[in-house]
1. In the range 103-161, how many residues are β-branched (Val, Ile, Thr) and under 19 Å from the mean Cα position of the chain (by Cα)?
2. Quick check on the range 292-313. Is at least one of its residues over 22 Å from the mean Cα position of the chain (by Cα) and β-branched (Val, Ile, Thr)?
3. May I ask you to list the residues in the range 216-246 that are free of Cβ contacts under 8 Å to residues at least 60 places away in the same chain, within 28 Å of residue 331 (Cβ to Cβ) and touching a Phe, Trp or Tyr at 6+ places or on another chain (Cβ under 9 Å)?
4. Inside the range 75-103, can you point out the residues that are surrounded by fewer than 24 Cβ atoms within 10 Å (Cβ to Cβ), farther than 20 Å from residue 44 by Cβ and modelled with pLDDT of 95 or more?
5. Tell me, which residue of the range 223-269 that is among the aromatic types (Phe, Trp, Tyr) and out of contact with any Cys (no Cβ under 8 Å at 6 or more places or on another chain) is surrounded by the fewest Cβ atoms within 10 Å (Cβ to Cβ)?
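The values are calculated or read from the model by the stated rules, or taken from the named source; none is laboratory data. The model shown is predicted, which means the values in this text are computed figures rather than measured ones. Every residue, glycine among them, receives a Cβ derived from its backbone with ideal geometry; neighbour counts consider all protein chains shown.
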Amino acid sequence: MPTLLRSPTSKSRLLSPFLISGFRTLVTTCRAVLLPHFGGPEVLQLRSDVPVPILKPHEVLVRTRAVSINPLDTRMRSGYGRSIFEPLLPVILGRDISGEVAAVGSSVRSVSVGDEVFGALHPTAVRGTYADYAILSEEELSAKPVSLSHVEASAIPFAALTAWRALKSTARIREGQRVLVIGGGGAVGYAAVQLSVASGCHVATTCGSQSIEKLLAAGAEQAVDYTTEGIEFKIKGKFDAVLDTIGVPDTERIGIYLLNRGGHYMTLQGEAASLTDRYGLVLGLPFSTGVLLQKQLKYRFSHAIEYWWTYMRADSEGLEEIRRLCEAEKLKIPVEKTFPITQVREAHDAKDKNLIPGKVVLEFD
């Protein structure tokens with residue numbers, strides 16, 4: 001449990017005081033799940049004495065109620081992004097969050113103490129949300145949709161913002177355009193289908209057979225089993241934007257083939273992290289930039305299309321649109337199973353073994 005100190009004066013605003021049970025207090029330590037080194041679920045450590053940093057002016061302290069497990073969490077735990085994160089160990093995993101505002105920095109205006117909020121951290125954040133108290137910037141948070149529980153809300157921001165950045169910020173999809181989502185059965189793909197439908201686009205997707213009905217119900221006009229041979233010939237027509245959540249050579253080939261001239265191909269499986277892991281930060285980052293530029297020029301001249309590696313990035317406009325769509329029941333990401341934070345190892349183990357294909361959420365008491 002967090003360690004609480006009574007604040008002696010109102011001047012302690014600088015140290016992010018907030019009210020609990022009528023007393024002005026400070027959070028100095030709290031429970032958090034630490035990743036001390038890379039490995040399997042067994043390396044995760046739930047500690048009760050993890051320091052809570054002092055808030056910067058633009059930051060918000062959130063009392064965590066629920067966080068979801070994203071593929072990035074399990075990959076980071078296993079060593080993905082090693083060249084970036086290893087010098088910073090131990091780190092705290094977790095990107096999504098839903099909870100209540102416990103304190104705000106001096107320049108924060110959009111949220112207040114006591115507000116229920118949801119949001120997500122950037123992929124490279126080292127103090128994640130697997131903690132009783134998490135720190136996010138103001139732009140990384142929005143009011144929690146009132147129609148959703150904390151568990152339901154925590155499943156949405158990271159996946160939906162990843163899809164939003166690709167489709168709305170990069171491809172700038174608009175009403176009447178055709179969008180293909182390769183891998184629509186996962187959280188990002190499912191969010192992408194719903195965002196595209198809400199934008200008035202005509203949507204097709206590939207997915208496993210178990211997801212076809214769900215995606216058609218979400219508004220996709222065509223959902224094709226990805227195990228079908230000659231899948232590019234089963235999908236009807238050409239597209240203005242393709243979001244590839246799988247990102248293997250075969251899906252890249254199919255996505256490029258199905259694009260209209262001037263269209264956008266966006267893959268979630270960019271090579272920046274893997275190349276920096278292979279060659280180190282000093283060589284890997286410029287090398288990955290060169291690889292991306294080479295591909296962009298290649299496809300621009302050979303197919304007249306735009307090629308992108310796409311990642312989640314905090315965007316207050318995007319998160320607010322996501323909140324509105326959730327309120328309007330036009331966007332949801334179902335939660336398949338919840339675990340208490342004390343069973344974080346079991347939850348990661350279940351995801352590693354694909355025992356739970358859908359969203360898993362960790363709850364805080």
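1. From the range 103-161, those β-branched (Val, Ile, Thr) are 104, 108, 111, 113, 117, 124, 126, 129, 135, 146, 151, 156; that's our starting set.
Filter again for under 19 Å from the mean Cα position of the chain (by Cα), leaving 117, 124, 126, 129, 135, 151, 156.
Qualifying residue count, the range 103-161: 7.
2. Yes, the range 292-313 contains at least one residue that is over 22 Å from the mean Cα position of the chain (by Cα) and β-branched (Val, Ile, Thr).
3. Correct list: 218 only.
4. 100, 101
5. Step one: list which residues in the range 223-269 are among the aromatic types (Phe, Trp, Tyr), which gives 226, 233, 239, 257, 265.
Now restrict to residues that are out of contact with any Cys (no Cβ under 8 Å at 6 or more places or on another chain): 233, 239, 257, 265.
Numbers: 233: 10, 239: 23, 257: 13, 265: 25.
Per the stated criteria, the residue is 233.
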